[in-house]
Amino acid sequence: MTIGLVAQPWWVNLLVLVPLLAWFSWRRGGVSLCARQLLITGVFAASFGFLEAVVVVYLRAATGLLPGYQGTLSDVIRMSGGFYQQSQSISQFPKSLLTLEFLREAATILMLLSVALVTSAKSRARAAVFLWTFAIWDIVYYAALWATVRWPTSLRDPDVLFLIPVPWLSPVWFPLLVSALALAAVLLCRVSPPKS
C-alpha cells in the first residue's frame, strides 16, 4: 500500500508539522504575547491577505484568464467561478509576469517576517507572530478570492501555493489546515507578558 501525498513536491507535505512542532516547543514556557499584539498583527495580516487576493484577480484579468472582469463584480462572480483554475493558469502566464509573481511572493514573506521582527525582541514571540500573520494572511487570501471571483469552488480545488523555489501544488484545504493549526498553536501557547 502506498501513501498518496497531498502536495507536490513531496516536502511541501511536511509543512503540516510546522505548527505541531511550534506547539510542542512552546507548550512548556508559553509564548509571551499580549492580545493587543495579536490583534494589531492580525489586522495587518487580514488586510494584506485581501490585498494579495486583489492582486491575483488583477493579474488574472490582465492576462485574460478571468472572464467578466470588464463588467461588475457580480459579472465576474457569475462568469468566472467554474473557469478560474489557479493551478492551470500558472502555465499560461507570460514569463515576465511569472518573474514578477516570484518577486511578489518573496516580498510577501519579507513583509510578514518584518512584522514579526518588530513585534518582539524574543525569538519565540517573533516565530509565533510570523505563524500568526502567515496563517491569517493565507485564510483571508482564500476567503477574499472566493468572495470576489467565487474561487475556490471547492476545498479540493488544486492551487499553486508558492513558486519559490519551484511551484508548490496542493488542494486548497491543505494550506487552510496548516493555517488553522498555526493559529491554534499560537493561541494555545500564548501567555500574557508580565506587567512592567
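The values are calculated or read from the model by the stated rules, or taken from the named source; none is laboratory data. Every value quoted in this text rests on a predicted model; they were computed, and no experiment measured them. Positions of Cβ are backbone-derived with ideal geometry, glycine not excepted, and every protein chain shown enters the neighbour counts. Each accessible area value is taken on the protein alone, full model and side chains, heavy atoms only, with ligands, DNA and RNA left out. Shrake-Rupley method; radii C 1.70, N 1.55, O 1.52, S 1.80 Å.
Values for this structure:
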| read-out | value |
| --- | --- |
| Pair list, Cβ under 9 Å, 6 or more apart: region 137-160 residue over 29 Å from Ile40 (Cβ atoms) and β-branched (Val, Ile, Thr), other residue at pLDDT 90 or above and surrounded by fewer than 18 Cβ atoms within 10 Å (Cβ to Cβ) | Thr153/Trp146 |
| Residues of region 73-96 that turn out to be part of a helix (DSSP H, G or I) and either at pLDDT 75 or above or among the polar types (S, T, N, Q) (or both), as a count | 10 |
| Cβ pairs under 6 Å, 6+ apart, first in region 166-180 and touching a residue at least 40 places away in the same chain (Cβ under 8 Å), second open to solvent by 70 Å² or more (accessible area, probe 1.4 Å) and basic (Lys, Arg) | Pro171/Arg156 |
| Total residues in region 164-176, condition surrounded by fewer than 18 Cβ atoms within 10 Å (Cβ to Cβ) and assigned to a loop (DSSP other than H, G, I, E, B) | 4 |
| When residues of region 26-51 are limited to those that are modelled with pLDDT under 95 and farther than 19 Å from Thr119 by Cα, the one surrounded by the fewest Cβ atoms within 10 Å (Cβ to Cβ) | Arg28 |
| Residue count, region 99-123 (criterion: polar (S, T, N, Q) and in contact (Cβ under 8 Å) with a residue 24 or more places away in the chain) | 3 |
| In region 97-153, the residues that are of a type outside the set (D, E, K, R), in a loop (DSSP other than H, G, I, E, B) and either under 30 Å from Trp26 (Cβ atoms) or open to solvent by 20 Å² or more (accessible area, probe 1.4 Å) (or both) | Ser120, Ala121, Thr153 |
